[in-house]
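Taking it in order: structure first as structure tokens, then the write-up.
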């Protein structure tokens, strides 16, 4: 007797497509960023409970909003670099170097606007050099950019002999107010930085360049086989990092109208932590600009929050580390990994 | 016979002193399905990587529609109307179906901003055309969630989107189920019916014999046979020829040698 070739149970439920709503898509696309935002809310709630007097009043927010733009200018381009599958540890020196050019040009009597253009060009050129070195010589970006960071910083120190440059003349000028004043009660840098974040977000998510950054970081061989110039995309992310570092350098110099030879040094680890706290994974191919920006917000608030909560500065490091680990664990659980 | 679409003249590729491909002459005409067969290491994959511009030949000429190409690379190959479905499918698994279909070929408008609505619409249409049967996947689904056959579908969708004149398929039926293989065959026939050409690489001689109308057999970096279906006859004869290539003294000689 032969068995009949009929499906066993034709009535069983077939897998169907879930409702394809806009909200669903938004949640899926912004999973990491929303997770980071949740971390931020929880952290702020804890701070507010621990120290209501400080956190229910404006000054603490204002003080964070002055330095946050500098961090944002660094974190956002770093998301590009990490997504393309590289890392850049040379941006603190690039930041210091570009700001140095800015200070020198202003000191020499050039228009501050021209000086800013000079700084941006310097940052992009340094970014190009770092990127070209890493990419064309196929060096490990972790080690090569660390070397570049030391080398550039050393160069600055040798030439300036560790002396700072005061630009107090810039205070109360048009340029000074444009980049370092108050606007609608907020530090004006914040608006510039938000504009930069929005621009970078557009570039990352809605632009051909961003699409290729994702493809190269995800699977470089596939991207190359599809005709994408992989090396050019990689170098371009380093150039963008240089641009962000230069902007950060100008903003940080304009806060106190003084350039220090150490400008940028303190940002290395906080900026890198912000990228990963924000939900960009380490393995490349995916990343989140919004998450990175919120990550920068979290990292900026940890320091002031802990001190304001009445704990000594000794606790800052401990909680910095704790938040980073918890955020990473949270993202690990929140994220599906396909490679 | 149709127009000569692409021609390789004396193409050789060596790694140091080892030749992967040693002086191959090879062509594909418009509207034909060519089957490329040969043992592992015969140089098939090297040849199609040269066609795709993924690797540069050590010597030889590549002609597209009768014209010699000077700067042959992956981008130029796609511009010339050659789409390759690689054996590993060349997909970025963390990206969406849309992003994979338009990888390197983004639909962008003003200032390079992506036209996402059009991309999604086109992707949906291509997925239907390829015969994506599962309803749970949208153009926004991540490729890493798909099965092998569905991933193959994404790679095929990418190949037809560009309206390429020649679609090169490197072992497209390996590791596919029966119905998925049938889908690939249907795909090849559709492409062929549209007056376009297919270069079909495969290990399953029956598959290749079924689908192709001309055969190129490679052996140790050279072309051992070029013949039409009529000249070859049955799949069994083709298999017999391949066996003779591998064991010139016959299979029996192996046993007697022991």
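Annotation: residue A:315 fulfils all but one of (1) farther than 21 Å from residue A:28 by Cβ; (2) under 18 Å from the mean Cα position of the chain (by Cα); (3) surrounded by fewer than 17 Cβ atoms within 10 Å (Cβ to Cβ); the unmet one is (2). Taken over the range B:23-33, the criterion of being buried (at least 19 other Cβ atoms within 10 Å of the Cβ) and part of a strand (DSSP E or B) is satisfied by B:24, B:26, B:28, B:33.
Within the group A:123, A:96, A:22, which residue is under 20 Å from the mean Cα position of the chain (by Cα) and under 30 Å from residue A:219 (Cα atoms)?
Working: A:96 fails: under 30 Å from residue A:219 (Cα atoms); A:22 fails: under 20 Å from the mean Cα position of the chain (by Cα).
Result of the check over A:123, A:96, A:22: A:123.
One residue alone among B:50, B:55 is in contact (Cβ under 8 Å) with a residue 12 or more places away in the chain, under 17 Å from the mean Cα position of the chain (by Cα), within 11 Å of chain A (Cβ to nearest Cβ) and more than 17 Å from residue B:163 (Cβ to Cβ), and that residue is B:55. For the range B:130-152, state whether one or more residues are surrounded by 19 or more Cβ atoms within 10 Å (Cβ to Cβ), closer than 27 Å to residue A:284 by Cβ, at pLDDT 90 or above and more than 10 Å from chain A (Cβ to nearest Cβ). Among the residues of the range B:130-152, not one is surrounded by 19 or more Cβ atoms within 10 Å (Cβ to Cβ), closer than 27 Å to residue A:284 by Cβ, at pLDDT 90 or above and more than 10 Å from chain A (Cβ to nearest Cβ), which makes the answer no.
Only residues that are outside any loop (DSSP other than H, G, I, E, B), closer than 14 Å to residue B:48 by Cβ and either out of contact with any strand residue (DSSP E or B) (no Cβ under 6 Å at 6 or more places or on another chain) or facing chain A (nearest Cβ under 8 Å) (or both): list them for the range B:79-89, please. If you could, list the steps in order and put the result at the bottom.
Initially, the range B:79-89 is screened for residues outside any loop (DSSP other than H, G, I, E, B), giving B:79, B:82-85.
Retained after the next criterion (residues that are closer than 14 Å to residue B:48 by Cβ): B:82-85.
Passing the criteria: only B:84.
Across the range A:67-81, a minimum of one residue is classified as at pLDDT below 90 and away from chain B (no Cβ under 14 Å). Considering the conditions (1) in a helix (DSSP H, G or I); (2) farther than 19 Å from residue B:163 by Cβ, residue B:192 is excluded by exactly one of them, (2).
Scanning the range B:158-179 for residues that are within 9 Å of the chain's Cα centre (by Cα) and part of a loop (DSSP other than H, G, I, E, B) yields B:171, B:172.
One line per residue, one yes/no per condition, for (1) within 21 Å of residue A:294 (Cβ to Cβ); (2) modelled with pLDDT of 85 or more; (3) in contact with a strand residue (DSSP E or B) (Cβ under 6 Å, 6 or more places away or on another chain); (4) outside any helix (DSSP H, G or I):
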{"residue": "A:159", "(1), (2), (3), (4)": "no, yes, no, no"}
{"residue": "A:162", "(1), (2), (3), (4)": "no, yes, no, yes"}
{"residue": "A:172", "(1), (2), (3), (4)": "no, no, no, yes"}
{"residue": "A:177", "(1), (2), (3), (4)": "no, no, no, no"}
{"residue": "A:194", "(1), (2), (3), (4)": "yes, yes, no, no"}
{"residue": "A:199", "(1), (2), (3), (4)": "yes, yes, no, no"}
{"residue": "A:210", "(1), (2), (3), (4)": "yes, yes, no, no"}
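On the basis of being more than 22 Å from residue A:68 (Cβ to Cβ) and touching a residue at least 40 places away in the same chain (Cβ under 8 Å), does residue A:305 make the cut? In short, no.
The one condition from (1) without any contact (Cβ under 8 Å) to a residue 40 or more places away in the chain; (2) more than 10 Å from every other protein chain (Cβ to nearest Cβ); (3) over 23 Å from residue B:45 (Cβ atoms); (4) in contact with a strand residue (DSSP E or B) (Cβ under 9 Å, 6 or more places away or on another chain) that residue B:113 does not meet is (2).
Given the structure, is residue B:105 within 28 Å of residue B:64 (Cβ to Cβ), in contact (Cβ under 8 Å) with a residue 24 or more places away in the chain and over 15 Å from the mean Cα position of the chain (by Cα)? Please lay out each step first, then the result.
Working: within 28 Å of residue B:64 (Cβ to Cβ): yes; in contact (Cβ under 8 Å) with a residue 24 or more places away in the chain: yes; over 15 Å from the mean Cα position of the chain (by Cα): yes.
When the stated conditions are applied, residue B:105 passes them.
Selection of the range A:246-302 for residues being buried (at least 21 other Cβ atoms within 10 Å of the Cβ) and in contact with a strand residue (DSSP E or B) (Cβ under 7 Å, 6 or more places away or on another chain) yields A:253, A:259.
For the range B:153-177, a residue qualifies if it is farther than 16 Å from residue B:201 by Cβ and away from chain A (no Cβ under 14 Å), and the qualifying residues are B:153, B:160, B:163, B:165, B:177.
Entry remark, the range B:158-184: residues being buried (at least 24 other Cβ atoms within 10 Å of the Cβ) and over 24 Å from residue B:209 (Cβ atoms) number 1 in total.
Considering (1) buried (at least 21 other Cβ atoms within 10 Å of the Cβ); (2) in contact with a strand residue (DSSP E or B) (Cβ under 6 Å, 6 or more places away or on another chain); (3) touching a residue at least 40 places away in the same chain (Cβ under 8 Å), the lone condition that residue B:191 does not fulfil carries the number (3).
Listed here are the residues, each with its yes/no results for (1) surrounded by 18 or more Cβ atoms within 10 Å (Cβ to Cβ); (2) free of Cβ contacts under 8 Å to residues at least 60 places away in the same chain; (3) outside any helix (DSSP H, G or I).
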{"site": "A:33", "(1), (2), (3)": "yes, no, no"}
{"site": "A:49", "(1), (2), (3)": "no, yes, no"}
{"site": "A:74", "(1), (2), (3)": "yes, no, no"}
{"site": "A:82", "(1), (2), (3)": "yes, no, no"}
{"site": "A:98", "(1), (2), (3)": "yes, no, no"}
{"site": "A:101", "(1), (2), (3)": "yes, yes, no"}
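The conditions of being assigned to a helix (DSSP H, G or I), in contact with a strand residue (DSSP E or B) (Cβ under 7 Å, 6 or more places away or on another chain) and buried (at least 21 other Cβ atoms within 10 Å of the Cβ) are not met by residue A:224. It is to be established whether one or more residues within the range A:322-335 are modelled with pLDDT of 90 or more and within 14 Å of chain B (Cβ to nearest Cβ). The answer is no, given that none of the residues of the range A:322-335 is modelled with pLDDT of 90 or more and within 14 Å of chain B (Cβ to nearest Cβ). If you scan the range B:68-78, which residues turn out to be within 11 Å of chain A (Cβ to nearest Cβ) and either closer than 17 Å to residue B:191 by Cβ or in a loop (DSSP other than H, G, I, E, B) (or both)? Passing the criteria: B:73, B:78.
The values are calculated or read from the model by the stated rules, or taken from the named source; none is laboratory data. Remember, predicted model here, so these are calculated numbers, not experimental data. Cβ coordinates were reconstructed from backbone atoms using ideal geometry, including for glycine residues, and neighbour counts include every protein chain displayed.
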